[in-house]
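This report refers to the structure that appears directly beneath it.
The values are calculated or read from the model by the stated rules, or taken from the named source; none is laboratory data. Predicted model, so just to flag it, every value in this text is computed and none were measured. Glycine also receives a Cβ, built like all others from the backbone with ideal geometry; neighbour counts cover every protein chain displayed. Keep in mind that these areas ignore ligands, DNA and RNA; they rest on the heavy atoms of the full protein, side chains included. Shrake-Rupley method; radii C 1.70, N 1.55, O 1.52, S 1.80 Å.
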Amino acid sequence: KNQEYYSEDKMEIKWSTINVRGKRVNIYYSADKGKQWDVIRRGAENNGVFNWDIPAFETTSNLSMVKIELANNTKINDIINGQFTLYGKPFISMKSPQQNLTVEDKSNYKINWQSKNIRENRINLFYSINSGLNWNLIASDISNKGYYNWFIPNLGTAKVIFKVESTVQPEIYSISNYEL
């Protein structure tokens, strides 16, 4: 089972010790299957549990691991079994249009955006003809390819802005800066 954890969430790290002296432990994580270890906490209380406030990582790692060692004898350590996924902080930015444009109804327009670390890589896409007061669905729960070819419906002379959002985390979204 591949456990998943997200930037800026909490992870409960548990361990047990038998017949060891040491009131403190050092806790580390690795994003590269144990090649490099980074400190989570040095000198944490050796009580078998630590709640880690996961920082905002830039990238996602499917090869993450946790290691615990006694602070007073680092030769006594254990790597928690299995790897887990540690998702980077999600980001999304609408790129279309790059400037105010005029296009015709019933034509095609390529909507572009940039993103990274979007959970399940699924997005929703909307347009608004009243500066974002109301949003109309263009596409729901589609694969996040960074673009969408939109067939413009009969909108009349309306000015249009776009919004792209994560399907899983709708609070992660971006709205276009210019009108179409």
Of everything in the range 1-40 that's hydroxyl-bearing (Ser, Thr, Tyr) and open to solvent by 50 Å² or more (accessible area, probe 1.4 Å), which residue is farthest from the chain's Cα centre (by Cα)?
17
In the range 137-170, anything modelled with pLDDT of 90 or more and among the charged types (D, E, K, R) is listed as 141, 145, 163, 165
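Rundown of residues vs (1) within 23 Å of the chain's Cα centre (by Cα); (2) among the small types (Gly, Ala, Ser); (3) under 17 Å from residue 174 (Cα atoms), yes/no style:
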position	(1), (2), (3)
87	yes, no, no
90	yes, no, yes
99	no, no, yes
113	yes, no, yes
121	yes, no, yes
127	no, no, yes
150	no, no, no
Could you give me the residue pairs with C-beta distances under 7 Å whose first residue belongs to the range 113-125 and is farther than 22 Å from residue 136 by Cα, whose second residue is part of a strand (DSSP E or B) and open to solvent by 70 Å² or more (accessible area, probe 1.4 Å) wherever it lies, and which are 6+ apart or on separate chains?
116/91; 117/91
Residue hits (the range 41-86; surrounded by 14 or more Cβ atoms within 10 Å (Cβ to Cβ) and of a type in the set (Gly, Ala, Ser)) are 44, 61, 64, 71
Please go through the range 139-178 and give me each residue that is outside any loop (DSSP other than H, G, I, E, B) and open to solvent by less than 30 Å² (accessible area, probe 1.4 Å), ordered by number.
139, 150, 161, 162, 164, 165, 166, 174
Report, ordered by the first and then the second residue, all pairs with beta carbons closer than 8 Å, sequence separation of six or more or different chains, a first member in the range 47-69 that is closer than 11 Å to residue 7 by Cβ and part of a loop (DSSP other than H, G, I, E, B), and a second member that is modelled with pLDDT under 95 and of a type in the set (Val, Ile, Thr).
60/85
